[in-house]
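Taken together, the values in this text are just the output of simple stated rules run on the coordinates, not laboratory data. Since the model is a prediction, treat every value here as computed from it, not as a measurement. Here the Cβ is made from the backbone with ideal geometry for all residues, glycine too, and neighbour counts use every protein chain on show.
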Amino acid sequence: MRIYPSAWTQGRQAIAEFDLDGYHFPAGTILMFSQWALHRLPAIWGDPEVFRPERWDPATGQKAPHWAYFPFGGGQRICIGMPLAQLEAQLVTATVLQRYNPTTRARLPSRPPTADYAPSKARPPHDPGTCSDARNEAGICQG
């Protein structure tokens, strides 16, 4: 949600005039800000493109400045789907962890693709997704 927020920009209208960083904004000014850009600022996130879950662990003492991370917006216009999305994330995580035991392993070197690779050869012949019957001109299974 930080690197790929659901909305890349948001806008607000100033209800009163204000000054920010030497600029004057009269009441009624429409302001646009980008979550996508703010969530990638190296000044805030250090190495913003790197996935580091420990950023959110209170035990590490790391904390983003207020309003540096807002995947669901904020204030009166906060996304009404936020509680549902957070509940879904917890349920999906719990369901996956009931069925799988995550482990860590050393990073393996990536294998370059070979010219003879064909996705249809990757499935065993008994796989119900494999087409054993004739295909039409477009390669779509007829049986």
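Expected output is a single nm value to one decimal: the length gained when fully extending between Ile44 and Ser6, i.e. 0.36 nm times separation in residues minus the C-alpha distance. What is it? List each step's numbers first, then the result.
Working: separation 38, 0.36 × 38 = 13.68 nm, distance 2.01 nm.
In short, 11.7 nm is gained.
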Karplus couplings for the range 69-78 from phi (6.51 cos²θ - 1.76 cosθ + 1.60, θ = phi - 60°), rounded to Hz, Gly and Pro as x?
10, 8, x, 10, x, x, x, 5, 9, 4
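Report the extension gain between Ser34 and Trp67 in nm, rounded to one decimal, defined as 0.36 nm multiplied by the number of residues separating them, less their alpha carbon distance. Intermediate values should be presented prior to the final figure.
Details: separation 33, 0.36 × 33 = 11.88 nm, distance 1.19 nm.
Result: 10.7 nm gained on full extension.
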Just to be sure I follow: if Rg is taken over the C-alpha atoms of the range 10-99 and Rh is the Kirkwood radius over the same atoms, what is Rg/Rh?
1.06
The range 1-15 scanned against label point 7 Å out from Trp56 along Cα→C-beta; backbone N under 20 Å for 1-9
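Net charge within 12 Å of Arg2 by Cβ-Cβ distance, Lys/Arg positive one each and Asp/Glu negative one each, not counting Arg2 itself?
+2
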